[in-house]
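Down below is the structure, laid out as C-alpha coordinates.
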Amino acid sequence: QETLMGKYGEDAKLIYELQDQGGELLALRYDLTVPFARYLAMNKITNMKRYHVAKVYRRDNPATTRGRYREFYQCDFDIAGQFDPMIPDAECLKIVHEILSDLQLGDFLIKVNDRRILNGVFAVCGIPESKFITTCSTVDKLDKMPWEEVRGEMIREKGLSPEAADCIGEYVQLHGGLDLIERLLQDAKLSQNKLAKEGLGDMKLLFEYLTLFGITGKISFDLSLARGLDYYTGVIFEAVLLQQENDHVEEPVSVGSVAGGGRYDGLVGMFDPKGRKVPCVGVSIGIERIFSILEQRVQASGERVRTTETQVLVATPQKHLLTARLKLISELWDAGIKAEMLYKKDPKLLKQLQYCEDMGIPLAAIVGEQELTDGVIKLRDVATREEVRM
(Lines give C-alpha, C1' and ligand atoms only; values in the text may rest on other atoms or scores of the structure.)
Protein backbone atom coordinates (compact mmCIF):
# COMPACT_ATOMS: atom_id res chain seq x y z
CA GLN A 1 0.00 0.00 0.00
CA GLU A 2 2.76 2.43 0.86
CA THR A 3 4.11 2.14 -2.71
CA LEU A 4 0.94 3.87 -3.91
CA MET A 5 0.27 6.36 -1.10
CA GLY A 6 1.30 9.98 -1.47
CA LYS A 7 1.69 9.86 -5.26
CA TYR A 8 -1.72 10.76 -6.65
CA GLY A 9 -3.01 13.76 -4.71
CA GLU A 10 -6.80 14.08 -4.45
CA ASP A 11 -7.26 10.98 -6.62
CA ALA A 12 -5.82 8.82 -3.82
CA LYS A 13 -9.35 8.25 -2.55
CA LEU A 14 -9.91 6.04 -5.64
CA ILE A 15 -7.11 3.63 -4.73
CA TYR A 16 -8.53 0.14 -4.24
CA GLU A 17 -7.36 -0.80 -0.76
CA LEU A 18 -7.53 -4.37 0.48
CA GLN A 19 -7.95 -4.40 4.22
CA ASP A 20 -5.44 -6.22 6.41
CA GLN A 21 -4.42 -9.44 4.58
CA GLY A 22 -2.61 -11.54 7.15
CA GLY A 23 -0.91 -8.55 8.72
CA GLU A 24 -0.17 -6.68 5.46
CA LEU A 25 -1.84 -3.52 4.20
CA LEU A 26 -2.26 -4.04 0.47
CA ALA A 27 -3.74 -2.09 -2.43
CA LEU A 28 -4.36 -2.77 -6.12
CA ARG A 29 -2.36 -0.71 -8.58
CA TYR A 30 -4.00 2.54 -9.69
CA ASP A 31 -1.96 3.00 -12.87
CA LEU A 32 1.14 1.59 -14.57
CA THR A 33 3.32 4.65 -13.96
CA VAL A 34 4.02 4.34 -10.24
CA PRO A 35 4.93 0.61 -10.54
CA PHE A 36 7.24 1.52 -13.45
CA ALA A 37 9.00 4.15 -11.34
CA ARG A 38 9.34 1.70 -8.45
CA TYR A 39 10.80 -0.88 -10.85
CA LEU A 40 13.41 1.56 -12.19
CA ALA A 41 14.47 2.57 -8.67
CA MET A 42 14.64 -1.00 -7.35
CA ASN A 43 16.77 -2.20 -10.26
CA LYS A 44 18.88 1.00 -10.46
CA ILE A 45 17.93 1.46 -14.14
CA THR A 46 18.78 4.91 -15.43
CA ASN A 47 17.36 4.72 -18.94
CA MET A 48 14.72 2.66 -20.64
CA LYS A 49 11.97 2.82 -23.24
CA ARG A 50 9.07 0.46 -22.75
CA TYR A 51 5.43 -0.15 -23.42
CA HIS A 52 3.14 -2.05 -21.06
CA VAL A 53 -0.46 -3.22 -21.49
CA ALA A 54 -2.11 -4.36 -18.24
CA LYS A 55 -5.02 -3.98 -15.86
CA VAL A 56 -5.39 -1.24 -13.26
CA TYR A 57 -8.04 -0.70 -10.60
CA ARG A 58 -9.95 2.38 -9.41
CA ARG A 59 -12.65 2.53 -6.79
CA ASP A 60 -14.63 4.97 -8.89
CA ASN A 61 -18.29 5.18 -9.78
CA PRO A 62 -18.46 3.04 -12.92
CA ALA A 63 -20.24 4.37 -16.01
CA THR A 64 -20.00 1.37 -18.28
CA THR A 65 -21.74 3.06 -21.21
CA ARG A 66 -18.94 5.63 -21.35
CA GLY A 67 -16.24 3.01 -20.89
CA ARG A 68 -15.53 3.81 -17.23
CA TYR A 69 -14.90 0.67 -15.18
CA ARG A 70 -13.34 -0.22 -11.85
CA GLU A 71 -11.05 -2.79 -13.46
CA PHE A 72 -9.71 -1.77 -16.86
CA TYR A 73 -6.77 -1.97 -19.21
CA GLN A 74 -4.25 0.75 -19.88
CA CYS A 75 -1.55 0.82 -22.50
CA ASP A 76 1.46 2.86 -21.40
CA PHE A 77 4.52 4.04 -23.24
CA ASP A 78 7.37 5.63 -21.27
CA ILE A 79 10.84 7.02 -21.91
CA ALA A 80 13.11 7.20 -18.87
CA GLY A 81 16.55 8.78 -18.85
CA GLN A 82 18.53 12.01 -18.84
CA PHE A 83 18.14 13.54 -22.32
CA ASP A 84 18.07 16.98 -23.90
CA PRO A 85 14.83 18.86 -23.29
CA MET A 86 11.61 18.00 -25.14
CA ILE A 87 12.97 15.39 -27.57
CA PRO A 88 11.40 12.35 -25.79
CA ASP A 89 8.33 14.47 -24.94
CA ALA A 90 7.78 15.23 -28.62
CA GLU A 91 8.12 11.52 -29.45
CA CYS A 92 5.44 10.59 -26.91
CA LEU A 93 3.04 13.06 -28.53
CA LYS A 94 3.94 11.69 -31.97
CA ILE A 95 3.02 8.19 -30.74
CA VAL A 96 -0.36 9.32 -29.38
CA HIS A 97 -1.03 11.07 -32.69
CA GLU A 98 -0.07 7.94 -34.62
CA ILE A 99 -2.23 5.61 -32.51
CA LEU A 100 -5.32 7.81 -32.62
CA SER A 101 -4.92 8.36 -36.38
CA ASP A 102 -4.47 4.64 -37.10
CA LEU A 103 -7.49 3.63 -35.02
CA GLN A 104 -9.64 5.98 -37.14
CA LEU A 105 -11.68 7.09 -34.15
CA GLY A 106 -12.64 10.33 -35.88
CA ASP A 107 -11.43 13.83 -35.13
CA PHE A 108 -9.27 14.28 -32.02
CA LEU A 109 -7.31 16.99 -30.26
CA ILE A 110 -4.23 16.64 -28.07
CA LYS A 111 -4.12 19.37 -25.42
CA VAL A 112 -0.69 20.25 -24.06
CA ASN A 113 0.34 22.33 -21.05
CA ASP A 114 3.15 22.42 -18.50
CA ARG A 115 2.90 22.19 -14.72
CA ARG A 116 5.58 24.89 -14.41
CA ILE A 117 3.49 27.32 -16.47
CA LEU A 118 0.44 26.61 -14.30
CA ASN A 119 2.41 27.03 -11.08
CA GLY A 120 3.84 30.28 -12.49
CA VAL A 121 0.30 31.50 -13.18
CA PHE A 122 -0.73 30.62 -9.61
CA ALA A 123 2.33 32.39 -8.22
CA VAL A 124 1.80 35.65 -10.15
CA CYS A 125 -1.88 35.57 -9.09
CA GLY A 126 -0.78 35.46 -5.44
CA ILE A 127 -1.75 31.87 -4.56
CA PRO A 128 0.36 30.45 -1.70
CA GLU A 129 2.46 27.46 -2.75
CA SER A 130 0.64 25.21 -0.25
CA LYS A 131 -2.51 25.63 -2.36
CA PHE A 132 -0.94 24.95 -5.80
CA ILE A 133 -1.93 21.29 -5.97
CA THR A 134 -5.52 21.72 -4.78
CA THR A 135 -6.00 24.71 -7.13
CA CYS A 136 -4.63 22.53 -9.90
CA SER A 137 -7.28 19.86 -9.40
CA THR A 138 -10.00 22.55 -9.54
CA VAL A 139 -8.63 24.04 -12.77
CA ASP A 140 -8.63 20.48 -14.17
CA LYS A 141 -12.46 20.50 -14.04
CA LEU A 142 -12.70 23.25 -16.68
CA ASP A 143 -13.35 20.71 -19.43
CA LYS A 144 -16.41 19.44 -17.51
CA MET A 145 -17.89 22.63 -16.10
CA PRO A 146 -18.00 26.34 -17.05
CA TRP A 147 -15.54 28.89 -15.66
CA GLU A 148 -18.18 30.41 -13.34
CA GLU A 149 -18.57 27.12 -11.46
CA VAL A 150 -14.81 26.52 -11.31
CA ARG A 151 -14.34 30.07 -9.98
CA GLY A 152 -17.01 29.40 -7.34
CA GLU A 153 -15.27 26.22 -6.19
CA MET A 154 -11.92 28.05 -5.93
CA ILE A 155 -13.42 30.72 -3.71
CA ARG A 156 -15.82 28.58 -1.62
CA GLU A 157 -13.95 25.30 -1.22
CA LYS A 158 -10.30 26.18 -1.83
CA GLY A 159 -10.40 29.49 0.02
CA LEU A 160 -8.97 31.73 -2.75
CA SER A 161 -9.82 35.42 -2.92
CA PRO A 162 -12.15 36.52 -5.77
CA GLU A 163 -9.28 38.66 -7.16
CA ALA A 164 -6.92 35.70 -7.25
CA ALA A 165 -9.56 33.53 -8.92
CA ASP A 166 -10.22 36.17 -11.59
CA CYS A 167 -6.49 36.54 -12.20
CA ILE A 168 -6.22 32.76 -12.78
CA GLY A 169 -9.26 32.96 -15.04
CA GLU A 170 -7.51 35.45 -17.35
CA TYR A 171 -4.88 32.81 -18.11
CA VAL A 172 -6.55 29.40 -17.90
CA GLN A 173 -9.15 30.25 -20.53
CA LEU A 174 -6.45 30.75 -23.17
CA HIS A 175 -5.54 28.17 -25.80
CA GLY A 176 -3.58 28.32 -29.05
CA GLY A 177 -0.21 27.46 -30.56
CA LEU A 178 3.21 29.06 -31.04
CA ASP A 179 1.64 32.52 -31.29
CA LEU A 180 0.17 32.16 -27.78
CA ILE A 181 3.51 30.91 -26.39
CA GLU A 182 5.27 33.98 -27.87
CA ARG A 183 2.59 36.26 -26.42
CA LEU A 184 2.94 34.78 -22.92
CA LEU A 185 6.75 35.03 -23.10
CA GLN A 186 6.20 38.78 -23.54
CA ASP A 187 3.58 38.91 -20.73
CA ALA A 188 4.81 41.42 -18.12
CA LYS A 189 3.69 39.39 -15.08
CA LEU A 190 4.41 35.84 -16.28
CA SER A 191 7.85 36.54 -17.73
CA GLN A 192 8.95 37.69 -14.26
CA ASN A 193 8.29 34.19 -12.91
CA LYS A 194 11.28 31.86 -13.27
CA LEU A 195 9.20 28.64 -13.41
CA ALA A 196 6.71 29.93 -15.97
CA LYS A 197 9.53 31.29 -18.12
CA GLU A 198 11.29 27.90 -18.13
CA GLY A 199 8.03 26.13 -18.95
CA LEU A 200 7.20 28.51 -21.80
CA GLY A 201 10.72 28.19 -23.21
CA ASP A 202 10.38 24.40 -23.26
CA MET A 203 6.86 24.63 -24.70
CA LYS A 204 8.23 26.71 -27.57
CA LEU A 205 10.90 24.07 -28.20
CA LEU A 206 8.26 21.31 -28.07
CA PHE A 207 6.11 23.06 -30.67
CA GLU A 208 9.13 23.46 -32.96
CA TYR A 209 9.75 19.68 -32.78
CA LEU A 210 6.05 18.89 -33.26
CA THR A 211 6.07 21.12 -36.35
CA LEU A 212 8.94 19.00 -37.73
CA PHE A 213 6.90 15.86 -36.97
CA GLY A 214 4.06 17.48 -38.91
CA ILE A 215 1.41 17.01 -36.22
CA THR A 216 0.71 20.52 -34.87
CA GLY A 217 -2.68 20.54 -36.64
CA LYS A 218 -4.08 18.29 -33.91
CA ILE A 219 -2.26 19.89 -30.97
CA SER A 220 -3.42 22.77 -28.81
CA PHE A 221 -1.45 24.56 -26.09
CA ASP A 222 -4.23 24.80 -23.50
CA LEU A 223 -3.69 26.58 -20.18
CA SER A 224 -6.74 24.98 -18.55
CA LEU A 225 -5.22 21.50 -18.80
CA ALA A 226 -4.01 20.55 -15.30
CA ARG A 227 -4.36 16.74 -14.94
CA GLY A 228 -5.27 15.82 -11.38
CA LEU A 229 -2.24 13.69 -10.50
CA ASP A 230 0.45 14.96 -8.16
CA TYR A 231 3.49 13.41 -9.78
CA TYR A 232 3.67 15.52 -12.97
CA THR A 233 6.53 18.01 -13.00
CA GLY A 234 6.66 19.45 -16.53
CA VAL A 235 4.81 18.91 -19.79
CA ILE A 236 1.33 17.38 -19.43
CA PHE A 237 -0.99 16.30 -22.21
CA GLU A 238 -4.37 14.78 -22.81
CA ALA A 239 -6.03 13.52 -25.99
CA VAL A 240 -9.77 14.02 -26.43
CA LEU A 241 -12.05 12.79 -29.19
CA LEU A 242 -14.20 15.45 -30.82
CA GLN A 243 -17.75 14.84 -31.89
CA GLN A 244 -19.39 17.03 -34.49
CA GLU A 245 -22.91 17.13 -32.97
CA ASN A 246 -24.36 18.77 -36.06
CA ASP A 247 -23.32 21.19 -38.78
CA HIS A 248 -24.55 24.27 -36.91
CA VAL A 249 -22.06 23.91 -34.07
CA GLU A 250 -18.85 25.89 -34.53
CA GLU A 251 -17.00 24.28 -31.63
CA PRO A 252 -16.73 20.47 -31.81
CA VAL A 253 -17.86 18.75 -28.60
CA SER A 254 -15.38 16.62 -26.66
CA VAL A 255 -16.35 12.97 -26.11
CA GLY A 256 -13.88 12.63 -23.27
CA SER A 257 -10.27 11.79 -22.70
CA VAL A 258 -8.83 8.68 -24.39
CA ALA A 259 -5.16 9.22 -23.55
CA GLY A 260 -3.11 11.29 -21.17
CA GLY A 261 0.38 11.68 -19.84
CA GLY A 262 3.25 13.95 -19.03
CA ARG A 263 6.65 14.34 -17.49
CA TYR A 264 7.26 13.03 -13.97
CA ASP A 265 10.90 13.71 -13.07
CA GLY A 266 10.57 13.20 -9.31
CA LEU A 267 8.73 9.88 -9.07
CA VAL A 268 11.66 7.44 -9.37
CA GLY A 269 13.53 9.41 -6.68
CA MET A 270 10.67 8.78 -4.23
CA PHE A 271 11.50 5.05 -4.33
CA ASP A 272 15.29 5.34 -4.29
CA PRO A 273 16.82 5.17 -0.79
CA LYS A 274 19.45 7.77 -1.85
CA GLY A 275 16.80 9.85 -3.65
CA ARG A 276 18.55 9.46 -7.04
CA LYS A 277 16.33 10.92 -9.72
CA VAL A 278 15.58 9.51 -13.16
CA PRO A 279 13.68 11.91 -15.43
CA CYS A 280 10.70 10.24 -17.16
CA VAL A 281 7.98 11.12 -19.62
CA GLY A 282 5.16 8.86 -20.65
CA VAL A 283 1.68 8.42 -22.01
CA SER A 284 -1.25 6.19 -21.16
CA ILE A 285 -3.98 5.08 -23.57
CA GLY A 286 -7.38 4.14 -22.10
CA ILE A 287 -8.25 0.92 -23.90
CA GLU A 288 -11.84 0.40 -22.63
CA ARG A 289 -12.74 3.99 -23.45
CA ILE A 290 -11.61 3.40 -27.04
CA PHE A 291 -13.41 0.02 -27.17
CA SER A 292 -16.70 1.57 -26.09
CA ILE A 293 -16.41 4.17 -28.86
CA LEU A 294 -15.57 1.51 -31.48
CA GLU A 295 -18.45 -0.68 -30.26
CA GLN A 296 -20.95 2.17 -30.54
CA ARG A 297 -19.67 2.90 -34.02
CA VAL A 298 -20.03 -0.74 -35.14
CA GLN A 299 -23.55 -0.89 -33.68
CA ALA A 300 -24.59 2.25 -35.51
CA SER A 301 -23.20 1.04 -38.84
CA GLY A 302 -24.76 -2.42 -38.48
CA GLU A 303 -21.61 -4.14 -39.76
CA ARG A 304 -20.66 -7.55 -38.36
CA VAL A 305 -17.34 -8.05 -36.65
CA ARG A 306 -15.59 -11.42 -36.57
CA THR A 307 -14.92 -12.42 -33.00
CA THR A 308 -12.56 -15.30 -33.79
CA GLU A 309 -9.61 -15.90 -36.09
CA THR A 310 -10.68 -19.48 -36.86
CA GLN A 311 -9.63 -20.42 -40.40
CA VAL A 312 -11.43 -23.73 -40.77
CA LEU A 313 -14.22 -25.74 -39.12
CA VAL A 314 -13.76 -29.51 -39.10
CA ALA A 315 -17.19 -30.99 -39.93
CA THR A 316 -18.76 -34.43 -40.46
CA PRO A 317 -21.95 -35.18 -42.46
CA GLN A 318 -22.91 -38.51 -40.78
CA LYS A 319 -23.07 -39.96 -37.28
CA HIS A 320 -20.31 -41.85 -35.44
CA LEU A 321 -17.44 -39.83 -36.97
CA LEU A 322 -16.23 -37.98 -33.90
CA THR A 323 -12.91 -39.90 -33.99
CA ALA A 324 -12.27 -38.72 -37.57
CA ARG A 325 -12.92 -35.14 -36.55
CA LEU A 326 -10.62 -35.35 -33.52
CA LYS A 327 -7.80 -36.87 -35.57
CA LEU A 328 -8.06 -34.28 -38.33
CA ILE A 329 -8.36 -31.28 -36.01
CA SER A 330 -5.32 -32.48 -34.07
CA GLU A 331 -3.30 -32.60 -37.31
CA LEU A 332 -4.44 -29.09 -38.24
CA TRP A 333 -3.59 -27.71 -34.80
CA ASP A 334 -0.14 -29.31 -34.92
CA ALA A 335 0.41 -27.64 -38.29
CA GLY A 336 -0.41 -24.23 -36.77
CA ILE A 337 -3.79 -23.89 -38.50
CA LYS A 338 -6.55 -22.20 -36.49
CA ALA A 339 -9.29 -24.83 -36.47
CA GLU A 340 -12.49 -25.45 -34.53
CA MET A 341 -15.17 -28.10 -34.30
CA LEU A 342 -18.53 -28.34 -32.59
CA TYR A 343 -18.40 -30.02 -29.18
CA LYS A 344 -21.13 -32.50 -30.06
CA LYS A 345 -20.77 -36.18 -30.86
CA ASP A 346 -23.10 -36.16 -33.87
CA PRO A 347 -23.93 -32.61 -35.02
CA LYS A 348 -26.05 -32.09 -38.13
CA LEU A 349 -24.09 -30.87 -41.17
CA LEU A 350 -26.45 -27.94 -41.67
CA LYS A 351 -25.84 -26.83 -38.08
CA GLN A 352 -22.08 -26.97 -38.61
CA LEU A 353 -22.24 -24.93 -41.82
CA GLN A 354 -24.61 -22.46 -40.16
CA TYR A 355 -22.05 -22.04 -37.36
CA CYS A 356 -19.41 -21.18 -40.00
CA GLU A 357 -21.68 -18.47 -41.41
CA ASP A 358 -22.55 -17.05 -37.99
CA MET A 359 -18.92 -16.91 -36.90
CA GLY A 360 -17.50 -15.80 -40.25
CA ILE A 361 -15.32 -18.93 -40.57
CA PRO A 362 -14.27 -19.03 -44.27
CA LEU A 363 -13.68 -22.78 -44.75
CA ALA A 364 -15.17 -26.10 -43.68
CA ALA A 365 -13.15 -29.34 -43.87
CA ILE A 366 -15.66 -32.14 -44.26
CA VAL A 367 -14.83 -35.83 -43.60
CA GLY A 368 -17.62 -38.33 -44.28
CA GLU A 369 -17.56 -42.11 -44.72
CA GLN A 370 -16.90 -41.74 -48.47
CA GLU A 371 -14.00 -39.36 -47.85
CA LEU A 372 -12.49 -41.73 -45.27
CA THR A 373 -12.68 -44.62 -47.75
CA ASP A 374 -11.06 -42.50 -50.51
CA GLY A 375 -8.45 -41.02 -48.14
CA VAL A 376 -9.47 -37.40 -48.96
CA ILE A 377 -11.20 -34.47 -47.31
CA LYS A 378 -13.74 -32.16 -48.88
CA LEU A 379 -12.86 -28.49 -48.45
CA ARG A 380 -15.84 -26.18 -48.72
CA ASP A 381 -15.71 -22.42 -49.28
CA VAL A 382 -18.49 -21.29 -46.95
CA ALA A 383 -19.33 -18.08 -48.82
CA THR A 384 -19.35 -19.39 -52.42
CA ARG A 385 -20.35 -23.01 -51.50
CA GLU A 386 -17.70 -24.34 -53.87
CA GLU A 387 -16.12 -27.66 -52.85
CA VAL A 388 -12.81 -29.33 -53.69
CA ARG A 389 -11.54 -32.77 -52.70
CA MET A 390 -7.96 -33.02 -51.55
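The values are calculated or read from the model by the stated rules, or taken from the named source; none is laboratory data. These numbers were taken from a predicted model, which means no experiment stands behind them. Note that we place each Cβ from the backbone using ideal geometry, even for glycine, and neighbour counts take in every protein chain shown. The protein model used for the area step is the full one, side chains on, heavy atoms only, and it has no ligands, DNA or RNA in it. Shrake-Rupley method; radii C 1.70, N 1.55, O 1.52, S 1.80 Å.
Any of K13/K204; K141/K218; K131/K218; K94/K274 with alpha carbons more than 26 Å apart? Name them for me.
Values: K13/K204 36 Å; K141/K218 22 Å; K131/K218 32 Å; K94/K274 34 Å.
Listed pairs above 26 Å: K13/K204; K131/K218; K94/K274.
If you build the convex hull over the alpha carbons only and average its shadow over all orientations, what do you get for the stretch 87-146? Give it in nm² to one decimal.
Mean orientational projected area (the stretch 87-146, Cα hull): 5.8 nm².
Which percent of the accessible heavy-atom area of the stretch 2-301 goes to carbon and sulfur, probe 1.4 angstrom?
51
Which aspartates and glutamates have a Cα lying under 19 Å from the Cα of K44, excluding residues fewer than 8 positions away in the same chain?
Straight-distance partners of K44: D78, D265, D272.
How high is the relative contact order of the stretch 2-301, in percent, counting Cα pairs under 8 Å that sit 6 or more residues apart?
Taking the mean separation of contacting Cα pairs over the length of the stretch 2-301, I get 25 percent.
How large is ³J(HN,Hα), in whole Hz, for each residue of the stretch 89-97 in order, when computed from phi with the Karplus curve 6.51 cos²θ - 1.76 cosθ + 1.60 and θ = phi - 60°, using x for Gly and Pro?
Couplings: 4, 5, 5, 4, 5, 4, 5, 4, 4 Hz.
Assuming R0 = 45 Å, what is the FRET efficiency of R59 and E129, from their Cβ-Cβ distance, to the nearest 0.05?
The formula returns an efficiency of 0.90 here.
Net charge around C125, counting only other residues with Cβ within less than 10 Å of its Cβ (Lys, Arg = +1; Asp, Glu = -1)?
Summing Lys and Arg as +1 and Asp and Glu as -1 gives -2.
Apply the a/c threshold of 1.5 to the C-alpha gyration tensor of the stretch 280-331 and tell me whether it is rounded, prolate or oblate.
Numbers: a/c = 6.10, a/b = 2.20, b/c = 2.77.
Note, shape of the stretch 280-331 comes out oblate.
Any idea how far the Cα center of the stretch 322-390 sits from the one of the stretch 134-204, in Å?
66
Within the stretch 272-298, which residues have the backbone N less than 13 Å from the label spot 7 Å out from R50 along Cα→beta-carbon, could you tell me?
No residue passes the distance filter.
Which one, V172, V305, V150, has the greatest fluctuation when you compute a Gaussian network model over the chain with C-alpha springs under 10 angstrom?
V305
Along the Cα→Cβ direction, 7 angstrom out, place labels at D20 and K338. What is the inter-label distance in nm?
5.0
Taking C-beta distances below 4.7 angstrom as the pairing criterion, name the unpartnered cysteines of the chain, in sequence order.
Flagged as lacking a Cys partner: C75, C92, C136, C280, C356.
Classify the stretch 312-389 from the C-alpha gyration tensor, please: rounded if a/c falls under 1.5, else prolate or oblate depending on whether a/b exceeds b/c.
Here the stretch 312-389 falls in the rounded category.
Can you pull a Stokes-Einstein diffusion coefficient for the stretch 1-124 at 25 °C (0.890 mPa s), Rh from Kirkwood over Cα pairs, as a whole number of µm²/s?
Diffusion coefficient, whole number: 141 µm²/s.
I'd like the carbon and sulfur percentage of the solvent accessible area for the stretch 312-389, probe radius 1.4 Å, heavy atoms only, ligands and nucleic acids excluded.
After summing per-atom areas, the C and S share lands at 56 percent.
For the chain, report the translational diffusion coefficient in µm²/s to the nearest whole number, using Stokes-Einstein at 4 °C, 1.567 mPa s, and a Kirkwood Rh over Cα pairs.
The diffusion coefficient I find is 52 µm²/s.
Quick one: grab the alpha carbon gyration tensor of the stretch 128-213, order the square roots of its eigenvalues as a ≥ b ≥ c, and give me rounded if a/c is under 1.5, else prolate or oblate depending on whether a/b is larger than b/c. Let's see the in-between values first.
On the way: a/c = 2.29, a/b = 1.76, b/c = 1.30.
Prolate shape, in that a/c is at least 1.5 and a/b is the bigger ratio.
Using square roots of five times the C-alpha gyration tensor eigenvalues, list the equivalent-ellipsoid semi-axes of the stretch 141-267 in whole Å, biggest first.
Working through the eigenvalues yields semi-axes of 23, 22, 16 Å.
At 1.4 Å probe radius, can you tell me the per residue accessible area of the chain in Å²?
Per-residue accessible area for the chain comes out at 54 Å².
Taking a cut-off of 21 Å, what percent of all Cα-Cα pairs in the stretch 249-362 are separated by more than that?
65
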